[in-house]
Amino acid sequence: MEVSLDRIADIQIGYQVKGKIIQQADDTHFLVQTSDVNDAGEIAWEALASFTQERKGTDRYQLIDGDILFLAKGARRVAAVVRNPQPHTLAVSTFFILRVRDDVVCLPEFLAWYLNVAARDDIAAIEQRGVTIPFVPKERLLQIKVELPTTATQRRIAALDELMHRERQLTAQLLEQRTRLINTFAQRALDDKGDN
């Protein structure tokens, strides 16, 4: 079944930061910024900036479990699923916050995968370019068509995507360990140069 995105998810722009973020020990909020989400759609929760929010009305920007952050401004396009955010965590306005209306109909992990992979060309076609920063207009994104399979198929696709991400992480760790090992051997060879 094919449906437009606006039939399965609500969307709003992220929090507009006013001025520079100054971190203090007693900060009350956390902020997901563009640099906190990598190209694989992983959020670096441990790296989030903290700040004290003094403006009213930020409750509607607070991230909840299952939200999808879609990077709509800048050179990159990536969708990331929010899982178990700390209380009072917001996302900056370079993101759209998508909230699936019914996760029985559409799983957040499937929708994020769909936006990252299956709809990549459709999203590129609606991207606005000009003298300013490239962006995806909210109204046009809402009209993107989503091919919605059964929930069981969505689960399988989401599970495969998760396995691929895990493989990528493990491969990166393995390469890092291999590099360290080679550098250790090279350093030992350098240290032992006088023994030859």
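The values are calculated or read from the model by the stated rules, or taken from the named source; none is laboratory data. Computed from a prediction, not measured in an experiment: that's the story for all the values here. Glycine gets a Cβ as well: all are built from the backbone with ideal geometry, and neighbour counts include every protein chain shown.
Out of LEU115, LEU98, LEU148, which single residue is more than 30 Å from VAL17 (Cβ to Cβ) and at pLDDT 90 or above?
LEU148
Only residues in the range 93-107 that are assigned to a strand (DSSP E or B) count as the first member; pair them with residues that are aromatic (Phe, Trp, Tyr) and at pLDDT 95 or above, Cβ under 7 angstrom, at least 6 apart or cross-chain, and list the lot.
Matching pairs, first to second residue: PHE95/PHE70; PHE96/PHE70; LEU98/PHE70.
What are the residue pairs meeting all of these: first residue in the range 29-57, first residue without any contact (Cβ under 8 Å) to a residue 24 or more places away in the chain and over 11 Å from THR89 (Cβ atoms), second residue among the polar types (S, T, N, Q) and assigned to a strand (DSSP E or B), Cβ atoms under 7 Å, and 6 or more apart or on different chains?
none
Go through (1) farther than 23 Å from LEU163 by Cβ; (2) touching a helix residue (DSSP H, G or I) at 6+ places or on another chain (Cβ under 6 Å) one by one and return the number of the condition GLN16 breaks.
(2)
For the condition touching a Leu at 6+ places or on another chain (Cβ under 6 Å) and part of a helix (DSSP H, G or I), what is the one hit in GLN154, GLN169, GLN187?
Of the residues listed, the single one that is touching a Leu at 6+ places or on another chain (Cβ under 6 Å) and part of a helix (DSSP H, G or I) is GLN154.
Here is a list: ILE157, ILE123, ILE68. Which entry is under 19 Å from the mean Cα position of the chain (by Cα) and under 17 Å from ASN38 (Cα atoms)?
Residue meeting the stated conditions: ILE68.
Looking at GLN16, GLN33, which is the one that is loosely packed, with under 12 Cβ neighbours inside 10 Å and either touching a Ser or Thr at 6+ places or on another chain (Cβ under 7 Å) or in the same structural domain as PHE70 (by TED's automatic domain parsing) (or both)?
One residue alone meets the criteria, GLN16.
When you look at ALA72, is it exposed (fewer than 13 other Cβ atoms within 10 Å of the Cβ) and in the same structural domain as THR28 (by TED's automatic domain parsing), yes or no?
no
Assigned by TED's automatic domain parsing to the domain that holds LEU142 and touching a His at 6+ places or on another chain (Cβ under 9 Å): does that describe GLU42? Before the answer, list the steps.
Numbers: assigned by TED's automatic domain parsing to the domain that holds LEU142: yes; touching a His at 6+ places or on another chain (Cβ under 9 Å): yes.
Spelling it out, GLU42 is indeed assigned by TED's automatic domain parsing to the domain that holds LEU142 and touching a His at 6+ places or on another chain (Cβ under 9 Å).
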